[in-house]
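Presented below is the structure to which this report refers.
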Amino acid sequence: MKAIELTAPDLGAFRRTELDEPRPGRGEVLVRLRAAALNYVDVAIATGAFPGAAFPLIPVADGAGEIAALGEGVDGLAVGDRVIPHFMPDWQGGAIAPRHVAAMRGITRPGSLAEYVAVPAASLVALPAHLDFVQGATLPIAATTAWNAVRSAALRPGSVVVLLGTGGVSLFALQFAKASGATVILASSSDEKLERARRLGADHLVNYRATPAWDEEALKLTGGRGADLVVETVGGATFARALNAAAMGGTVFTVGFVGGTAASLDLLTIIVKALRIVGNNTGSVADLAEATRAIAAHRIVPAIDRVFGLDEVAAAYAELAAGGRHFGKLAIAH
Ligand SMILES: NC(=O)c1ccc[n+]([C@@H]2O[C@H](COP(=O)([O-])OP(=O)(O)OC[C@H]3O[C@@H](n4cnc5c(N)ncnc54)[C@H](OP(=O)(O)O)[C@@H]3O)[C@@H](O)[C@H]2O)c1
């Protein structure tokens, strides 16, 4: 089968290759991949910033395709079913445990830049009927994470959510938060992106270049109360402001490291406001399944900035690595 390998932790080290077609083992399914979508973690692998990868590897965690063959002992699935293989195939549900994080597609297991992949049947989620393969490929990491963020704060109509930037996680969180009836305050570096976010439902827009104290702006917009949920998709650069923007008893859902992993903060803010700081490592297959059900129920369509061809993989990675140019997801069609 045709595949693209990443041969070293280097954003230019992609090569086209021919590999043996995998055979599905017992309990596994062979998926003919049709699309892939990038996440920041793929760039982190390709720059050596994320540990655990052994090169060469078939990159890109997220993808979607259709079932080409069933291994022994697989029930309830059929050849031709449109499916999304989850990023962490061994984490089917429940709380995260060390045994769940060893297998990660695109890192320690084959990713989505190959014609075929064999994965556990239990790691597959049905592609919502209103989405195509490219749209489906954007769901495993970003939509699962955004769904877990929104669920962590038990949002209700009238809840306030603060989102940082217009990357994949933030825009799924925007769509889920609006579906819950929440009010969304979104900060971005660009007025043009803010306008696009408004069209997706964002209620209040803050340009964090023009207004670096976006946390104070969020407090002003909420009459001093702050947000029930801040989805912290940036990291060290913004964490202290995220704490400041949260309401008493609010949740700061901590996932991002595009803005570094080290933060300096005043613990009194957490203590006095009795904040919940919730860490998250993507999510389980059950979390992805729930996120896709929400996407189907609300007919949510992922925001995709650009779809690259298989001959443009390095350009797609470069676009994500550049940071701040894209709006939502970058995808690769097979
Ligand atoms: N732990 C988990 O479960 C988990 C899961 C998924 C992703 N992540 C992490 O979460 C982060 C976001 O992921 P993603 O896929 O959404 O990334 P992405 O598509 O690359 O989006 C990043 C966005 O962050 C915004 N940004 C950058 N610096 C900012 C700042 N100082 N203040 C406010 N916004 C800023 C930019 O938006 P504008 O261009 O609009 O300014 C940028 O486009 C990454 O670090 C990723 O690794 C973690």
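The values are calculated or read from the model by the stated rules, or taken from the named source; none is laboratory data. As the structure is a prediction and not an experimental result, all values here were calculated from the model. Neighbour counts run over all protein chains shown; Cβ positions are idealised from the backbone, glycine included. Please note that ligands, DNA and RNA were not included when accessible areas were found on the heavy atoms of the full protein model with its side chains. Shrake-Rupley method; radii C 1.70, N 1.55, O 1.52, S 1.80 Å.
Scanning segment 109-129 for residues that are within 20 Å of the chain's Cα centre (by Cα), within 22 Å of ARG16 (Cβ to Cβ) and part of a loop (DSSP other than H, G, I, E, B) gives PRO110, GLY111, SER112, LEU113.
In segment 297-310, which residues are more than 23 Å from GLU195 (Cα to Cα) and out of contact with any strand residue (DSSP E or B) (no Cβ under 9 Å at 6 or more places or on another chain)? Step through it out loud before you land on a result.
Quick first cut of segment 297-310, residues more than 23 Å from GLU195 (Cα to Cα) only: 297, 308-310.
Within segment 297-310, just ALA297 meets the criteria.
Among the conditions (1) away from the ligand (no atom under 12 Å from the Cβ); (2) on the phi < 0 side of the Ramachandran plot; (3) open to solvent by 20 Å² or more (accessible area, probe 1.4 Å), ALA274 misses just one, which is (2). Just to be sure, is ALA262 in contact with a Leu (Cβ under 8 Å, 6 or more places away or on another chain), closer than 28 Å to GLY324 by Cβ and not aromatic (Phe, Trp, Tyr)? In short, no. Does ASN281 qualify as being over 19 Å from GLN175 (Cα atoms), within 10 Å of the ligand (Cβ to nearest atom), surrounded by fewer than 23 Cβ atoms within 10 Å (Cβ to Cβ) and touching a residue at least 60 places away in the same chain (Cβ under 8 Å)? So ASN281 fits the description; yes. The set of residues in segment 295-334 that are surrounded by fewer than 18 Cβ atoms within 10 Å (Cβ to Cβ) and either under 22 Å from ALA146 (Cβ atoms) or near the ligand (Cβ under 10 Å from one of its atoms) (or both) comprises ALA296, ALA297, HIS298, ARG299, VAL301, ARG306, VAL307, ALA321, ALA322, GLY323, GLY324, ARG325. Per the listing SER284, SER264, the residue uniquely under 14 Å from the mean Cα position of the chain (by Cα), farther than 20 Å from ALA44 by Cβ and not charged (D, E, K, R) is SER284. Residues being in the same structural domain as PRO120 (by TED's automatic domain parsing), open to solvent by 20 Å² or more (accessible area, probe 1.4 Å), touching a strand residue (DSSP E or B) at 6+ places or on another chain (Cβ under 8 Å) and within 16 Å of the ligand (Cβ to nearest atom) are entirely absent from segment 93-102. Of the residues making up segment 74-92, those that are exposed (fewer than 12 other Cβ atoms within 10 Å of the Cβ) and touching a strand residue (DSSP E or B) at 6+ places or on another chain (Cβ under 8 Å) are ALA78, GLY80. Restricting the first member to segment 9-24 and to residues that are under 17 Å from ARG109 (Cβ atoms), and the second to residues that are loosely packed, with under 12 Cβ neighbours inside 10 Å and modelled with pLDDT of 95 or more, the beta-carbon pairs closer than 9 Å and six or more apart or on different chains are PRO24/GLU72. Residues of segment 279-334 that are part of a strand (DSSP E or B) and either among the small types (Gly, Ala, Ser) or within 26 Å of ALA102 (Cβ to Cβ) (or both): GLY279, GLY328, ALA331, ILE332, ALA333.
Counting only helices (runs of 4 or more DSSP H) that fall entirely inside segment 155-266 and contain at least 3 residues that are open to solvent by less than 20 Å² (accessible area, probe 1.4 Å), modelled with pLDDT of 95 or more and more than 14 Å from the ligand (Cβ to nearest atom), no element qualifies. Among residues of segment 175-200 that are on the phi > 0 side of the Ramachandran plot, those with a Cβ under 8 angstrom from a residue that is open to solvent by 40 Å² or more (accessible area, probe 1.4 Å), sequence gap 6+ or separate chain, pair up as GLY181/ARG156; GLY181/PRO157; GLY181/GLY158. For segment 135-154, a residue qualifies if it is within 16 Å of the ligand (Cβ to nearest atom) and either surrounded by fewer than 23 Cβ atoms within 10 Å (Cβ to Cβ) or of a type in the set (S, T, N, Q) (or both), and the qualifying residues are GLN135, THR138, THR144, THR145, ASN148, ARG151, SER152. ASP311: assigned by TED's automatic domain parsing to the domain that holds LEU113 and charged (D, E, K, R), yes or no? Yes, satisfied.
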